[in-house]
Amino acid sequence: MKKIFLPFLFISIMFHADGQVSKKNSFTGYIHSRAPLRQNPYTQLPLGAIKPQGWLKEMLVRQKNGATGHLDSLYPLVMNQRNGWLGGDGDQWERGPYWIDGLLPLAYILDDKELIAKTKPWIEWAINSRQPDGYFGPAKDYSAEPGLQRNNSRDWWPKMVMLKVLQQYYSATGDQRVITLMTDYFKYQLKELPRKPLDHWTFWARYRGGDNLMIVYWLYNITGDHFLLELGDLIHSQTFDYTNAFLHTDMLSSPGSIHCVNLAQGIKEPIVYYQRHPEQKYTAAVEKGLDDIRKYNGMAHGLYGGDEALHGNNPTQGSELCSAVEMMFSLESILAVTGKPGYADHLEKIAFNALPAQVSDDFMGRQYFQQANQVMATRHIRNFDVNHDGTDVCYGLLTGYPCCTSNMHQGWPKFTQNLWYATNDGGLAALVYSPSTVKAFVAAGTAVSVNEETAYPFGESVQFTLQVDNKNKAAAFPFHLRIPAWCKKAVIKINGKIWEEPYGGRIIKIDREWKSGDIVELVLPMHIFKNTWYENSVSIERGPLVYALKIGEEAKKVKNDKDPVAYGNSYLELRPTTPWNYGLYDVADDKLDEHYTFEKEKEFLNFPWNADNVPVSITAKARRIPSWQLYNEMAGPIPYSITYRLGTEKEEEGITLIPYGATRLRVAQFPVIGR
């Protein structure tokens with residue numbers, strides 16, 4: 001059930017990538033959870049039903065023109081015909097499936113024939129690799145070769161990624177071969193797992209079993225095969241016990257206790273299993289887990305210190321790019337099952353802050369680790385749990401480790417795919433906001449489309465224009481809207497008239513008859529607020545955006561003759577050209593608007609995610625802290641807030657803060673100083 005819990009099915013129809021239904025058939029309904037699985041409030045729409053617009057479309061087009069669309073030529077060592085997932089003797093493990101897990105949804109969302117064609121050999125080989133016993137995928141190990149993972153070919157973990165790929169492919173095409181392959185493979189798993197459990201080859205599958213489980217439940221909702229429920233219980237029993245770890249151990253307060261990406265993927269497992277066994281302990285575990293991640297390891301960008309093991313909340317600890325995209329997917333999955341709006345808030349925090357900051361504008365380079373306070377991005381050994389010869393914060397195709405090179409592509413496409421949901425009451429839900437259009441079916445099968453126009457997250461207004469399939473026909477159905485927790489009071493207008501002014505942290509349901517041309521306007525007034533972090537440092541935020549210090553930078557492209565196979569032929573280093581060691585004044589929450597000034601910089605551009613284009617900023621007064629200097633090519637230890645008799649410069653300076661996602665160098669967590 002990856003997009004799972006969205007088990008949906010179109011009976012006797014084909015839903016094309018453009019969201020249209022074949023005229024030869026009729027829609028007979030989305031299939032939600034099948035008993036005894038719990039009925040979820042939201043169901044994911046077919047891949048391709050949601051189309052990005054505005055800045056979000058620009059992000060996806062940049063992926064197409066960048067590494068996502070060309071990784072086979074940019075990274076031929078792994079993604080060429082030798083890849084084991086194409087039948088070759090090259091890389092046999094996760095990286096090929098990782099790439100397709102982002103390329104395939106991108107291809108079908110953009111309805112791009114060239115990209116779809118690139119996915120086809122991988123899909124066809126995977127389907128045709130099915131063996132008589134139900135196994136599929138690479139099956140032979142090879143000797144070591146630099147830059148390749150040629151062993152553990154039968155490991156359960158890489159199949160979990162390819163299962164997600166195949167589920168999305170089925171969502172877009174309805175290819176029944178996927179159902180046959182999965183049914184046979186899951187029978188194989190039911191037979192083999194007692195003898196060769198999830199951690200038989202490597203430990204990764206044990207921590208990521210939730211990804212396997214979600215596809216098992218997704219298939220059950222289509223076929224109703226009872227053995228899948230038995231398999232689900234078996235997979236859960238062999239998966240690391242996140243429920244117990246979150247509720248009854250000190251794992252999340254213990255540095256080094258778990259790999260950062262295992263945590264990002266595993267956080268959803270209790271909720272996935274909750275669908276079969278809807279006990280309160282599973283939802284409570286995830287809620288407590290996220291709270292404790294925030295308390296002991298959290299950072300302003302919405303993620304946590306994990307470089308690669310869990311590593312606390314010092315703002316110079318690293319956060320891995322794989323953690324960002326996997327935590328986004330987990331939150332998307334959890335949101336559909338629980339319907340709780342806080343998970344959408346958290347999703348937007350990562351998507352609008354951490355994700356764009358860690359990938360280059362042209363989607364050709366990325367950082368393995370990002371730092372919340374990142375004042376240099378150079379090749380240097382830092383205080384990370386794992387160092388890759390000092391390349392981890394440099395922007396490059398292969399810097400750090402290439403799992404992120406392969407896995408980063410799923411972030412924006414799956415975000416797009418989870419903007420909208422079908423509801424279990426026959427309606428449509430907008431739970432995450434970005435410019436987009438959606439085509440879906442409501443009520444008794446009426447086709448509708450909605451155009452969402454917005455500058456969100458930079459702007460406060462989201463406008464929805466509805467169209468019913470027949471302009472002369474009306475349709476009665478509920479329309480769900482999320483009001484973020486940071487919003488004190490929203491305004492919902494229908495055709496220009498105020499309908500309701502709800503408080504934040506809720507999902508509002510508008511249940512009425514709709515006709516073509518109806519307009520719903522959602523206004524989410526944003527205010528400046530602060531959050532407190534490590535050593536009582538503070539972040540300045542407005543709406544879903546974190547604002548970080550704008551730092552001048554000197555960029556240097558470094559030709560890498562030392563170790564190009566491991567880290568690429570070149571990478572980008574960044575050094576500051578303006579001061580960064582500022583402290584912010586101690587200001588009461590109700591006085592923030594007197595000390596911080598929000599400004600709209602310029603006309604909104606389709607690509608707002610860099611310092612030149614960003615359309616909004618916040619200005620403030622601050623003082624430099626002379627004792628806070630560079631250490632080990634990082635910001636030195638951040639002064640405790642508020643340090644008694646901490647020396648600051650006498651001169652007060654004006655500083656500019658811009659959205660975190662538009663920065664490369666920055667300070668996002670500031671020490672606080674007295675006046």
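The values are calculated or read from the model by the stated rules, or taken from the named source; none is laboratory data. Note that the structure is a prediction, hence the values are computed from the model and not measured. Positions of Cβ are backbone-derived with ideal geometry, glycine not excepted, and every protein chain shown enters the neighbour counts. Note: areas computed on protein heavy atoms with side chains; ligands, DNA, RNA excluded. Shrake-Rupley method; radii C 1.70, N 1.55, O 1.52, S 1.80 Å.
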Counted residues in segment 600-629 being in a strand (DSSP E or B) and at pLDDT below 95 come to 1
Counting only residues that are crowded, with 20+ Cβ neighbours inside 10 Å and in a loop (DSSP other than H, G, I, E, B), how many does segment 633-675 have? 10
Looking at (1) out of contact with any Lys or Arg (no Cβ under 8 Å at 6 or more places or on another chain); (2) open to solvent by less than 10 Å² (accessible area, probe 1.4 Å); (3) over 30 Å from residue 637 (Cβ atoms), which is the only condition residue 330 fails? (1)
Can you list residue pairs whose Cβ atoms sit under 8 Å apart, with the first residue in segment 635-656 being free of Cβ contacts under 8 Å to residues at least 12 places away in the same chain and within 18 Å of residue 316 (Cβ to Cβ) and the second being open to solvent by 80 Å² or more (accessible area, probe 1.4 Å) and in a loop (DSSP other than H, G, I, E, B)? Count only pairs 6 or more apart in sequence or on different chains. 636/629
Restrict the check to segment 611-618 and report whether at least one residue is surrounded by fewer than 19 Cβ atoms within 10 Å (Cβ to Cβ) and in contact with a helix residue (DSSP H, G or I) (Cβ under 7 Å, 6 or more places away or on another chain). yes
Given the conditions (1) among the aliphatic types (A, V, I, L, M); (2) open to solvent by less than 30 Å² (accessible area, probe 1.4 Å); (3) farther than 20 Å from residue 270 by Cβ; (4) not in a helix (DSSP H, G or I), every one holds for residue 165 apart from (4)
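Has segment 37-54 got at least one residue that is part of a helix (DSSP H, G or I), surrounded by 16 or more Cβ atoms within 10 Å (Cβ to Cβ), at pLDDT 95 or above and not aliphatic (A, V, I, L, M)?
So far as segment 37-54 goes, yes, one or more of its residues are part of a helix (DSSP H, G or I), surrounded by 16 or more Cβ atoms within 10 Å (Cβ to Cβ), at pLDDT 95 or above and not aliphatic (A, V, I, L, M).
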Considering only segment 200-222, state which residues are open to solvent by 20 Å² or more (accessible area, probe 1.4 Å) and either within 21 Å of residue 133 (Cβ to Cβ) or of a type in the set (Phe, Trp, Tyr) (or both). 200, 201, 203, 204, 207
Go through segment 1-36 and report how many residues are open to solvent by 30 Å² or more (accessible area, probe 1.4 Å), at pLDDT below 70 and of a type in the set (Lys, Arg). 2
Condition met for residue 186 (among the hydrophobic types (A, V, I, L, M, F, W, C) and out of contact with any helix residue (DSSP H, G or I) (no Cβ under 7 Å at 6 or more places or on another chain)): no
Pick from 559, 602: which is closer than 29 Å to residue 56 by Cβ, free of Cβ contacts under 8 Å to residues at least 40 places away in the same chain, surrounded by fewer than 16 Cβ atoms within 10 Å (Cβ to Cβ) and not aliphatic (A, V, I, L, M)? 602
How about segment 438-485: which of its residues are of a type in the set (Phe, Trp, Tyr) and either surrounded by fewer than 20 Cβ atoms within 10 Å (Cβ to Cβ) or under 16 Å from residue 521 (Cβ atoms) (or both)? 456, 464, 479
From 262, 313, which residue is buried (at least 17 other Cβ atoms within 10 Å of the Cβ) and not in a helix (DSSP H, G or I)? 313
Just checking, which of 587, 538, 546 is without any contact (Cβ under 8 Å) to a residue 60 or more places away in the chain, out of contact with any Gly (no Cβ under 7 Å at 6 or more places or on another chain) and buried (at least 16 other Cβ atoms within 10 Å of the Cβ)? 587
Give me the pairs: first residue in segment 494-516 and at positive phi, second residue crowded, with 16+ Cβ neighbours inside 10 Å and among the aliphatic types (A, V, I, L, M), beta-carbon distance under 9 Å, and six or more apart or on different chains, which are they? 495/520; 505/483
Restricting the search to segment 486-498, which residues are out of contact with any Asp or Glu (no Cβ under 8 Å at 6 or more places or on another chain) and either surrounded by 16 or more Cβ atoms within 10 Å (Cβ to Cβ) or farther than 20 Å from residue 466 by Cβ (or both)? 487, 488
Only residues in segment 298-323 that are closer than 15 Å to residue 666 by Cβ and at pLDDT 95 or above count as the first member; pair them with residues that are open to solvent by 10 Å² or more (accessible area, probe 1.4 Å) and of a type in the set (Lys, Arg), Cβ under 6 angstrom, at least 6 apart or cross-chain, and list the lot. 302/349
Do any helices (runs of 4 or more DSSP H) lying entirely in segment 177-259 carry at least 1 residues that are touching a residue at least 60 places away in the same chain (Cβ under 8 Å) and under 18 Å from residue 277 (Cα atoms), and which ones are they? 209-223, 227-238
If we ask which residues in segment 370-393 are touching a Gly at 6+ places or on another chain (Cβ under 8 Å) and surrounded by 24 or more Cβ atoms within 10 Å (Cβ to Cβ), their number turns out to be 6
